[in-house]
1. Within segment 7-24, identify whether any single residue is more than 25 Å from A133 (Cβ to Cβ), aliphatic (A, V, I, L, M) and either open to solvent by 40 Å² or more (accessible area, probe 1.4 Å) or not in a loop (DSSP other than H, G, I, E, B) (or both), and answer yes or no.
2. When you check V58 against the structure, is it in contact with a Leu (Cβ under 9 Å, 6 or more places away or on another chain) and either open to solvent by 30 Å² or more (accessible area, probe 1.4 Å) or not in a helix (DSSP H, G or I) (or both), yes or no?
3. Of the residues S93, S72, which single one is in contact (Cβ under 8 Å) with a residue 40 or more places away in the chain, outside any helix (DSSP H, G or I) and small (G, A, S)?
4. Condition (residue is outside any helix (DSSP H, G or I), in contact (Cβ under 8 Å) with a residue 24 or more places away in the chain, under 22 Å from E149 (Cβ atoms) and open to solvent by less than 60 Å² (accessible area, probe 1.4 Å)) applied to segment 25-45: is it met by at least one residue?
5. From L113, L106, L132, L90, which residue is modelled with pLDDT of 95 or more, over 19 Å from F1 (Cβ atoms) and open to solvent by 10 Å² or more (accessible area, probe 1.4 Å)?
6. Is it the case, given these coordinates, that T49 is within 27 Å of V143 (Cβ to Cβ), polar (S, T, N, Q), open to solvent by less than 40 Å² (accessible area, probe 1.4 Å) and in a helix (DSSP H, G or I)?
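The values are calculated or read from the model by the stated rules, or taken from the named source; none is laboratory data. All values reported here derive from a predicted model rather than from experimental measurement. With ideal geometry, Cβ positions are generated from the backbone for all residues, glycine too; neighbour counts draw on all protein chains shown. Calculation scope for accessible area: heavy atoms of the full protein, side chains included, ligands and nucleic acids excluded. Shrake-Rupley method; radii C 1.70, N 1.55, O 1.52, S 1.80 Å.
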Amino acid sequence: FGALACLAATAAMWWAYFVGDDTRGAQAFEASPPKRRVIQVLIGYELATAVMIFGVIVVAAATRLRVIELTSPRTGFEAWLMAGGATLFLLGSAAFRLALRFGSLLPRLVGALLCLVAVPASQHGSAAEGLLAIAVAIAATLVAEHAYEHGWISNGRAPAQPPEPRCGE
């Protein structure tokens with residue numbers, strides 16, 4: 001169970017960046033005026049990416065502290081370290097979107113807070129349950145983000161409608 005929970009948390013973080021944000025970020029960068037690109041590189045591709053990587057490292061450090069005991073409860077420090085790493089990851093990914101000016105920030109910011117559910121899950125359950133809570137929080141964030149950006153959840157825009165058929169079609 002512990003190894004699957006680790007894999008699920010890792011896959012969720014991978015999905016958050018490599019299933020769309022990397023491509024959308026590159027497209028936004030290419031569409032930006034040359035003067036803005038310097039700031040986008042420094043803030044988005046350097047600082048925000050460093051925060052995301054640091055978040056992944058923090059989650060890994062929290063689980064590595066007692067990898068043999070993934071099925072036992074965590075101390076307060078380890079629980080907060082694990083949840084904090086996932087929170088940092090999503091905050092870094094929101095900063096990446098902000099710097100490159102694409103996508104919505106709201107779902108990622110809410111998701112970052114949602115990752116804190118890993119604290120009680122890993123303190124009262126186990127490290128594996130904390131990792132599973134992180135995986136579910138990130139997956140739920142990405143599903144909600146997709147729905148939000150496509151207007152399926154109210155975002156102040158009308159839902160995307162297919163074009164009306166023209167006469168004779």
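1. Among the residues of segment 7-24, not one is more than 25 Å from A133 (Cβ to Cβ), aliphatic (A, V, I, L, M) and either open to solvent by 40 Å² or more (accessible area, probe 1.4 Å) or not in a loop (DSSP other than H, G, I, E, B) (or both), which makes the answer no.
2. When the stated conditions are applied, V58 does not pass them.
3. From the options S93, S72, the qualifying one is S72.
4. Yes, that holds for at least one residue.
5. Selected residue: L113, the only one of L113, L106, L132, L90 that is modelled with pLDDT of 95 or more, over 19 Å from F1 (Cβ atoms) and open to solvent by 10 Å² or more (accessible area, probe 1.4 Å).
6. yes
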